[in-house]
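Asker: Here's a structure for you.
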Amino acid sequence: MSLFNGHSNNRLINKKVYLAIMALVYITCKDKKEAEKISRRLLIKRVIACANIFPIRSMYWWKGRIVNDAENVIIAKTINKKLRQLENEVKGLHSYEIPCILKIGAYANKEYEVWLNKQVK
């Protein structure tokens, strides 16, 4: 089952419901090389409009112990209708047995939203 099966983030503003059609997708990677490889593939396929890559420190449970690792995170900017394709692409390229692919609903200024929608196809 996909992480993104029909879930939408709504917000109430002035008694009107606005749907979040944009999404930020948070993806952890083992290193910068993997993060760049995944980002480049998502950009080439027009699944995302932009990717930001940051070095991070992660602590998590894995196979019965706490791990403290250096990783890189991708924050990918896309639209909700591309989320399933994004998830499939990432899973096909990722080195982790269980990759972290988290969707965060997002709202942006109109100009950025227009630009982003022109970039993903």
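Values in this text are rule-based calculations from the coordinates and carry no lab data. The shown structure was predicted, so the numbers you read here are calculated from the model rather than taken from an experiment. Because the Cβ atoms are built from the backbone with ideal geometry, glycine has one as well, and the counts that use them run over all protein chains shown.
Asker: Excluding residues fewer than 8 places away in the same chain, name every one of the lysines whose C-alpha is closer than 26 Å to that of residue 110.
Answerer: Once the sequence-local lysines are set aside, what remains near residue 110 is 15, 16, 45, 77, 81, 82, 118, 121.
Asker: What relative contact order, as a whole-number percentage, does the stretch 21-121 give when Cα pairs under 8 Å and 6 or more residues apart are counted?
Answerer: Answer for the stretch 21-121 is 44 percent.
Asker: Short version: ³J(HN,Hα) in whole Hz for each residue of the stretch 65-73, in order, from phi by Karplus 6.51 cos²θ - 1.76 cosθ + 1.60 (θ = phi - 60°), x for Gly and Pro, what are they?
Answerer: 9, 8, 9, 10, 10, 7, 9, 10, 10
Asker: Convert each backbone phi in the stretch 24-34 into a coupling constant with the Karplus relation 6.51 cos²θ - 1.76 cosθ + 1.60 (shift: θ = phi - 60°), then list the ³J(HN,Hα) values in order as whole Hz, x for Gly and Pro.
Answerer: These are the phi-based 3J(HN,Hα) values: 9, 10, 9, 10, 8, 9, 5, 6, 5, 4, 5 Hz.
Asker: Related question: Can you give the direction-averaged projected area of the convex hull of the alpha-carbon atoms in the stretch 22-119, in nm²?
Answerer: 6.3 nm²
Asker: While we're on this one: What order, most packed first, do the peptides 88-98, 42-52, 62-72 have when packing is the mean number of other Cβ atoms within 10 Å of each residue?
Answerer: Listed from highest to lowest mean packing, they are 42-52, 88-98, 62-72.
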